[in-house]
Amino acid sequence: MQAQKNGATRRRPATKGELTVEPAVKLLGVSKSFGKTSVFKGVNFTVAPGELVEVTGRSGAGKTTLLRLIHGQLRPNAGELWVRGLGLHRWWRHGLDNLRREVAFVFQEQRLLPRLNAFENIVLALQVRDPQVPNRTITQRALQALESVNLAHRRRAYPHQLSAGERQRIAVARALATRPRVLLADEPLASMDEENAAIITHLLEDAAANGTTVIVASHRHTFAASRILRLPSARVMTNGARRPAFNANGHANGSSNGNGNGNGHGNGHTNGATVRPAWWRVVIPIRERQHRGAKAPRLPLWRRAVAFTANGYRLVVLSGLRSWSRDVRLTTPVIGTIALLLMLCGTLALVGIAVEQAVADQAGQASLVRVYLARDATPEAVAALKARLTADSRVASVTALTPEQALAEASKRPGLDNLSSLSSTNPFPASLDVRVRLVTKVAAVADSVKGDPAVDASYPTSYDADTYSRLRHFAVVAGSIAAGIVLLLVIVAYAVIANSMRGIAASRRQEVAVTRLLGARGWMLRGPFVVEGLTTGALAGALAAAVVAGAYLLAMRFESAIYIQVLPGVGATEVQYVLAAVITAGLVLGTATALLGFRQARA
């Protein structure tokens with residue numbers, strides 16, 4: 001039952017060795033109901049390639065429902081439904097998007113995209129149908145489609161600027177421009193005057209004559225259809241007075257007595273008289289009919305690749321940017337919320353780097369004990385103390401430090417750089433920097449130097465047992481507070497972003513639905529949302545990064561001393577890393593919010 005990959009009509013041997021055509025549409029006992037309300041039951045009907053049939057009935061008889069079943073928008077409750085070899089009655093309908101690119105639908109409510117003008121609506125359908133077609137060809141075909149319905153002069157008009165009849169004609173032009181294998185038209189002549197209705201009627205009949213399977217739903221018989229399916233009775237009538245249906249032998253198979261079997265075969269008589277079609281309706285056997293004319297030469301691979309890239313750029317990038325600009329009122333709260341979140345996170349990241357640097361510095365200093373020498377210590381006593389410490393197995397190294405060196409080192413440390421200005425003399429004594437091999441032995445080494453004649457009796461060492469533990473406690477408390485603030489802001493941000501995404505999804509839901517019905521591939525649907533998200537995230541990240549970078553530059557320009565004391569170890573390199581992380585996080589958050597909106601719109 002599968003159609004050939006090249007799109008040609010599949011044929012199988014008949015009982016007498018001749019070729020017969022595989023039906024384009026086949027319904028076997030199809031029934032549809034909504035809840036307890038039955039629409040129709042047991043419909044048996046087949047439509048051959050290039051055949052034009054009508055589905056008629058009163059309002060609510062199920063005409064639109066039947067077309068939606070054939071288009072794959074609904075699934076039958078019972079029976080089998082085959083369209084170009086694809087079973088639409090199955091639960092798993094793989095390849096439905098591919099089928100919709102072969103099966104066009106003229107909706108009764110038109111379903112034109114309100115954000116695109118008449119010309120752009122047709123161009124979008126052509127790009128979705130085959131993105132490997134060059135843009136010049138797509139433009140020409142779109143203009144020809146508009147000219148065929150006498151609306152070329154309205155190509156720049158948006159749907160809300162068109163009348164109902166004009167919108168209907170554009171919907172027909174959009175469907176015909178894609179050159180579908182099957183065309184489903186739901187009340188295509190609605191809201192039209194006689195002149196324009198005649199134009200649409202001619203276009204649909206001409207499409208059938210060129211090999212397109214056309215199924216029209218209407219309240220009353222209007223077209224030169226070979227057969228008519230009456231709903232909800234599922235009665236099939238052969239239209240012998242107009243264009244009858246034919247089998248592979250080229251013989252008429254219709255009767256106007258209202259009897260038919262749903263397969264296009266009748267008894268060939270009208271109340272006992274043979275129906276003789278007019279000479280211009282002489283049947284050409286299907287084996288000799290040219291359904292779609294000569295195939296256009298296939299473009300080289302590089303031409304198709306260039307066209308695919310260009311159309312992909314238009315469908316994804318340009319469409320996403322245009323949608324973002326039109327939804328800027330809805331995306332502004334998202335940008336502000338994400339930017340505020342990223343600014344807070346960037347600031348906390350700088351504070352965290354400073355705290356980490358201080359903790360790491362203190363951890364490194366924990367194994368370093370500074371032994372302060374008495375001012376009256378003799379060189380001999382200092383040498384003896386140094387020799388004793390060097391010989392100690394617990395000590396890794398001993399370094400002598402003069403008062404001048406101690407002052408120079410202190411000037412580089414926050415809190416100690418201005419200490420020398422409080423006195424005219426150097427307040428820092430000479431010392432020995434003792435590096436202990438194990439941190440657990442620092443206390444013992446510090447106690448071993450107490451009482452030595454070379455050591456200052458009032459303040460012998462720099463060892464403080466509580467300093468390191470206090471600093472770690474401060475780091476844990478500061479991290480917990482920062483995490484709480486970030487969590488609170490994330491909750492608020494999620495509420496704001498989710499609300500904005502619901503608005504964006506509501507504004508885009510119709511666009512996503514119509515594009516899916518046109519047979520758009522997944523990347524065509526998801527791509528514009530990703531572009532919108534990247535744009536939103538990039539702006540939010542850039543705004544947050546600009547604020548953080550501006551604050552850093554102002555602090556270094558006017559209050560560098562305070563900055564160094566508040567954020568020690570946070571220089572230009574660290575700030576650059578934080579800014580890069582902020583922008584990256586903005587892109588990720590923007591994309592995540594856009595995909596959230598896409599899921600809501602697609603649902």
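None of the figures in this text is laboratory data; all of them are computed from the coordinates on show. As the structure is a prediction and not an experimental result, all values here were calculated from the model. With ideal geometry, Cβ positions are generated from the backbone for all residues, glycine too; neighbour counts draw on all protein chains shown.
Counting every other Cβ atom within 10 Å of each residue's Cβ, ILE70, ILE228 order from fewest to most as ILE228, ILE70. Taking 0.692 mPa s as the viscosity and 37 °C as the temperature, the Stokes-Einstein diffusion coefficient of segment 519-603 based on its alpha-carbon Kirkwood radius rounds to 222 µm²/s.
Size check on segment 77-230: the Cα extents along the three principal axes, sorted descending, read 46, 38, 28 Å.
Between the beta carbons of ARG521 and ARG329, assuming R0 = 22 Å, the FRET efficiency works out to 0.15 to the nearest 0.05. In order along segment 347-355, phi translates into HN-Hα couplings of 5, 5, 5, 5, 4, x, 5, 5, 5 Hz, rounded to whole numbers, per the Karplus curve 6.51 cos²θ - 1.76 cosθ + 1.60 with θ = phi - 60° and x for Gly and Pro.
Output the direction-averaged projected area (hull surface divided by four) of the convex hull of the alpha-carbon atoms of segment 489-564, in nm². Average projection, Cα convex hull of segment 489-564: 7.2 nm². Modelled spin labels at ARG235 and ARG58, positioned 7 Å past Cα toward Cβ, are 1.3 nm from each other.
Computing FRET efficiency as 1/(1 + (r/R0)^6) for VAL566 and TYR494, where r is the C-beta to C-beta distance and R0 is 25 Å, gives about 0.20.
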